[in-house]
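Where a number appears in this text, it was derived from the coordinates with a stated rule and is not lab data. This is a predicted model, so every value here is computed, not measured. Note that each Cβ is placed from the backbone with ideal geometry, even for glycine, and that neighbours are counted across all protein chains shown.
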Amino acid sequence: MKLFISPGACSLSPHIVLQESGLSFEIEKVNLKTQLTETGAAFTEINPKAYVPALLLDSGELLTEGPAIVQYLADLAPEKNLAPAHGTLARYQLQAWLNYVSTELHKSFVPFFHHGSDDWKAEGKENLETRYAYVNQHLATQPYLMGENFSVADAYLFTVTRWLRVSKLDLATWPHLAAFQTRMTERPAVQAALTAEGLRS
């Protein structure tokens, strides 16, 4: 398998999951401005959506969209317990968290990355404050989103929360979330992904 990434982007989430899974994989970086991969390939010919993450399977098929990719990877390594079993309520709760991070957190950062207007940024900041307050409260009684154990939803939350600096919001506002970020950073798989993407000094 090959995961196409842009360092620090949302593709960090499946990259972390791959590191956690123990599966064999390679990564290829994409310059999202030029739409060229680090080997010189035209990324839009690989993924017409023109954004990361994109997972090229050994069969030649392409899987896109982070929440789908991380669940696929979790199911390839069931012994790692990265996602609850299909058909269980816990699996739907995991999907609920993946959707929350995607639509309520990830999308609220868009105006900060795409030169949004001051009004749009203010709206995004307000949304983030409200949504992160909810996450912080949830993490007050458990170390991870799904309870005592890491899941693929945590990789996604960790990834987007790293972007807080662009919104000028202070992580310290949410102590339980801050503790979660520290906890995640200490995981060997997270450290390996950050190192591979050049995000650690």
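Report relative contact order for region 89-187 in percent, whole number only (criteria: Cα-Cα under 8 Å, sequence separation at least 6).
On the way: 71 pairs, mean separation 29.7, N = 99.
Taking the mean separation of contacting Cα pairs over the length of region 89-187, I get 30 percent.
Between 56, 36, 171, which gets the highest mean-square fluctuation from a Gaussian network model of the chain, Cα cutoff 10 Å?
36
Spin-label point model (7 Å from Cα, Cβ direction): what's the residue 79 to residue 42 distance in nm?
4.3 nm
Taking each pair of different alpha-carbon atoms in the chain once, compute 1/r for the pair, average those values, and report the inverse of that mean as the Kirkwood hydrodynamic radius in Å to one decimal.
Numbers: mean 1/r = 0.0575 Å⁻¹.
After inverting the mean inverse Cα-Cα distance, the result is 17.4 Å.
Looking at the chain as a GNM with Cα springs under 10 Å, which of 114, 15, 86 has the largest mean-square fluctuation?
114
State the Cα centre-to-centre distance between region 1-64 and region 75-94 in whole Å.
The two parts, judged by their Cα centres, are 23 Å apart.
With the calculation restricted to Cα positions, what are the radius of gyration and Dmax of region 96-173 in angstrom?
12.6, 40
May I ask you to list the GluC sites (Glu not before Pro) in region 45-83 that are in a DSSP loop and have at most 11 other Cβ atoms within 10 Å of their Cβ? Numbers along the way, then the final one.
Numbers: sites: 45, 61, 65, 79; in loops: 61, 65.
Filter output for region 45-83: 61.
Label residue 91 and residue 123 with points 7 Å out from Cα along Cα→Cβ: what is the distance between them in nm?
A separation of 3.6 nm, rounded to one decimal place.
Less than 24 Å apart at the alpha-carbon level, and either on another chain or at least 8 residues along: which lysines does that give for residue 49?
2, 29, 33, 107
Rank these for me by crowding, 146, 184, going from fewest to most other beta carbons within 10 Å. Spell out each step's value before the answer.
Details: 146 18, 184 22.
In increasing order of surrounding Cβ atoms, one gets 146, 184.
In region 85-101, whose amide N lies under 19 Å from the spot 7 Å out along Cα-to-Cβ of residue 61? List them in ranges.
Flagged as within label range: 86-87.
GNM on the chain, C-alpha springs below 10 Å: top fluctuator among 37, 161, 88?
Of the options given, 88 has the highest mean-square fluctuation.
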